[in-house]
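The values are calculated or read from the model by the stated rules, or taken from the named source; none is laboratory data. Since this is a predicted model, take the numbers as computed values, not measurements. Because the Cβ atoms are built from the backbone with ideal geometry, glycine has one as well, and the counts that use them run over all protein chains shown. Only protein heavy atoms, including side chains, enter the accessible area calculation; ligands, DNA and RNA are left aside. Shrake-Rupley method; radii C 1.70, N 1.55, O 1.52, S 1.80 Å.
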Amino acid sequence: MIAYGLLLFSVLLYAKVTQFGLINYDDHHYITYNQSVQDGFTLKALWRALTSDMGLGHWMPALWISYMLDAEIYGEFLVQGAHLTNILLHAANVYLLYFWLQRATGRTGWAATAALIFAAHPQHVEAVVWVTERKEVLSALFGLGSLLAYWRAHQESGRSARRWRLFSLGLFAFSLMSQPKWITLPFLLVLVDLWPGGRPLSWALLRDKIPFFGVMILSAAVTLLVATETATGLASLEQIPLSMRLWHVTVSYKEYLLMAFYPADLAGFYSYPMAGHPFSERIASALLLLGVTGVALWRWRVNPWLLVGWLWFLGSLFPVSGIAQIGAQGMADRFTYLPHMGLFIAVVWQAGWWLSRWRVNLRAQAAIALAAALLYGANAFVYMGQWRDSITLWNSAIQARGEHYFVNGLLARAYWGEGDVVMAGKMFEKALAEQPNDLQYRLGAADMLLLQGRVLSALSYLYDAQRVFPDNARVLLRLGLTLMRNAQFAEAAPVLAQVREGKVEWDPTARLKQDGMIREAAFNQAVALVKLGRVDEAAEAFNIGFEEERESKQVSRCRFVDFLRQQPEGAAQSVQATWTRWCAGRDLSDPAAAE
């Protein structure tokens with residue numbers, strides 16, 4: 001009955017999320033624009049999931065397969081279905097946490113309380129509501145399953161124990177293939193062996209973790225290999241020195257600990273403090289961590305759950321604590337999904353131990369637990385409303401945590417997606433004020449001006465971008481097209497020629513569209529040259545951009561001139577004369593006609 005109640009509570013708490021949309025921070029890359037996901041569960045998509053990083057810098061085949069199954073099952077209701085799957089996975093994790101705690105300790109009430117608080121905590125909203133963060137709840141499902149199977153292996157003997165241990169190892173591998181967040185599981189297994197397992201620390205205890213450590217090392221190697229080849233945004237030690245990182249880790253632990261008890265001002269983005277933390281905050285954070293660790297060590301023999309839960313919290317949070325800094329974020333609520341399990345176990349068991357010693361009756365204990373869960377749940381219910389769409393989410397983040405260029409950029413794109421180009425332009429300009437050399441924001445601001453018909457202002461932004469990025473393919477193509485729009489054909493032609501000839505730098509975004517950008521540059525250069533009366537050069541430019549292996553340049557040129565004849569400016573004498581001289585009477589569907 002308790003297990004069913006936990007499942008029902010978890011599903012009902014998040015039920016309204018099925019009506020939410022996607023967030024413009026990775027959701028579209030993971031779902032909307034990912035053709036392998038959109039195609040559903042196919043052998044081709046499965047092979048790509050197993051053998052590539054899907055262009056996103058992480059090898060997570062189990063995650064991609066789960067999205068493919070969503071597309072197969074939900075069809076046109078993929079977005080709503082993806083949200084529902086996340087909710088069901090979270091509910092399953094709540095159940096597994098309760099089931100393991102109840103079996104391992106025999107404390108049904110305390111196990112239910114820890115699972116209930118875990119289900120309701122507002123900091124888990126991000127992991128459940130954000131479709132991209134399916135990896136958090138999915139990896140937790142396999143991780144908790146591995147923990148349960150490992151626990152069962154110690155209840156069995158002989159061949160049965162070996163089968164359960166192998167099953168646990170397999171689930172651990174699947175967890176890492178969802179995302180490597182549970183990479184610390186071998187250390188967690190050592191902790192739960194000590195308590196609630198009651199096994200003394202020994203070589204035999206460590207020896208049966210060797211296969212788990214082997215899988216852990218293999219996963220770490222794959223993660224580093226893929227990240228080295230594809231990841232961007234990894235801060236160097238010159239950008240963020242080691243001492244600054246260590247202090248940030250210390251302060252972050254303090255912040256995560258305080259927010260676990262008082263989750264106020266939650267946001268979808270917490271910026272990294274590039275100026276560093278105040279000295280007083282650094283010292284206070286260090287003293288807090290040392291104090292809690294000292295108490296946990298002191299109470300080890302009497303209250304072993306304190307040290308186990310505290311080390312669970314510290315250890316599982318460390319890989320995402322900022323020691324290896326990626327991007328502009330300093331913290332994230334989703335990072336607490338696994339660490340909170342250990343923290344809530346320590347807090348609930350210690351509170352239950354105190355209440356039992358004070359002879360507080362079970363009904364009163366249940367009332368206290370229910371009140372805490374309802375308080376967290378109400379907070380989570382309100383907070384998850386901010387995730388209904390991107391505009392609401394990022395405006396709320398600014399209200400909670402202040403302006404930041406990264407959030408302003410996301411908000412600009414959200415407004416753009418809704419067609420509000422004026423607000424989008426304002427937000428791009430705000431982001432650009434903080435990051436004046438950011439290519440994305442400068443191009444975005446220029447695009448918004450163009451959509452408002454302010455061509456000269458857009459050209460000013462693009463010329464500034466050209467000064468900072470003189471050979472960037474996207475800057476030059478955008479500049480050339482804008483010059484065309486302003487009828488500056490003489491200026492546009494050489495800029496577009498540079499792109500057509502490939503004498504540019506292709507950033508990762510441009511490289512994905514390289515062929516299309518070259519064709520677009522070739523066509524527009526040809527149009528510019530025609531406008532200038534240089535038809536022969538125009539046809540040559542068009543040939544280079546569009547010729548096929550079996551098609552002669554003559555046929556390609558004739559097709560281009562025929563296209564120009566159909567345009568409003570096609571009546572130009574030079575175009576008609578070229579058609580008469582080169583192409584009249586030719587069958588343009590037959591390449592041999594030009595020979």
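Just the residues that are open to solvent by 20 Å² or more (accessible area, probe 1.4 Å), part of a helix (DSSP H, G or I) and free of Cβ contacts under 8 Å to residues at least 24 places away in the same chain, please, taken from region 111-161. Of everything in region 111-161, those that are open to solvent by 20 Å² or more (accessible area, probe 1.4 Å), part of a helix (DSSP H, G or I) and free of Cβ contacts under 8 Å to residues at least 24 places away in the same chain turn out to be 152, 158, 159, 160. Across region 229-237, not a single residue is classified as closer than 30 Å to residue 402 by Cα, in contact (Cβ under 8 Å) with a residue 24 or more places away in the chain, in a helix (DSSP H, G or I) and of a type in the set (Val, Ile, Thr). The criterion of being at pLDDT 80 or above and more than 44 Å from the chain's Cα centre (by Cα) holds for residue 531. Apart from one condition, residue 451 fits all of (1) surrounded by fewer than 20 Cβ atoms within 10 Å (Cβ to Cβ); (2) aliphatic (A, V, I, L, M); (3) touching a residue at least 40 places away in the same chain (Cβ under 8 Å); the exception is (3).
Annotation: of all residues in region 309-331 being open to solvent by 10 Å² or more (accessible area, probe 1.4 Å) and over 23 Å from residue 118 (Cβ atoms), the one that is modelled with the highest pLDDT is 329.
Name the pairs whose Cβ atoms lie under 8 Å apart, with the first residue in region 58-76 and closer than 10 Å to residue 40 by Cβ, the second open to solvent by less than 40 Å² (accessible area, probe 1.4 Å) and among the charged types (D, E, K, R), and 6 or more positions between them or separate chains? Matching pairs, first to second residue: 67/134. With the requirement that a residue be in contact with a Gly (Cβ under 7 Å, 6 or more places away or on another chain) and among the small types (Gly, Ala, Ser), what does region 46-100 give you? Across region 46-100, the qualifying residue is only 71. Flag: residue 53 matches the condition of being closer than 28 Å to residue 224 by Cα and under 19 Å from the mean Cα position of the chain (by Cα). Within region 286-304, residues that are farther than 16 Å from residue 345 by Cβ have Cβ atoms under 6 Å from residues that are not small (Gly, Ala, Ser) in these pairs: 286/250; 288/254; 289/253, counting only partners at least 6 apart in sequence or on another chain. Suppose the filter is under 26 Å from residue 26 (Cβ atoms), in a helix (DSSP H, G or I) and touching a Leu at 6+ places or on another chain (Cβ under 8 Å); does residue 260 pass it? In short, yes.
The set of residues in region 482-511 that are without any contact (Cβ under 8 Å) to a residue 12 or more places away in the chain and within 24 Å of residue 440 (Cβ to Cβ) contains only 511. For region 188-203, residues that are under 26 Å from the mean Cα position of the chain (by Cα) and open to solvent by 30 Å² or more (accessible area, probe 1.4 Å) total 0.
Among the residues of region 89-110, which ones are under 30 Å from the mean Cα position of the chain (by Cα), open to solvent by 20 Å² or more (accessible area, probe 1.4 Å) and within 18 Å of residue 343 (Cβ to Cβ)? 96, 98 - these are the residues of region 89-110 that are under 30 Å from the mean Cα position of the chain (by Cα), open to solvent by 20 Å² or more (accessible area, probe 1.4 Å) and within 18 Å of residue 343 (Cβ to Cβ). The number of residues in region 41-88 being open to solvent by less than 60 Å² (accessible area, probe 1.4 Å) and part of a helix (DSSP H, G or I) comes to 23.
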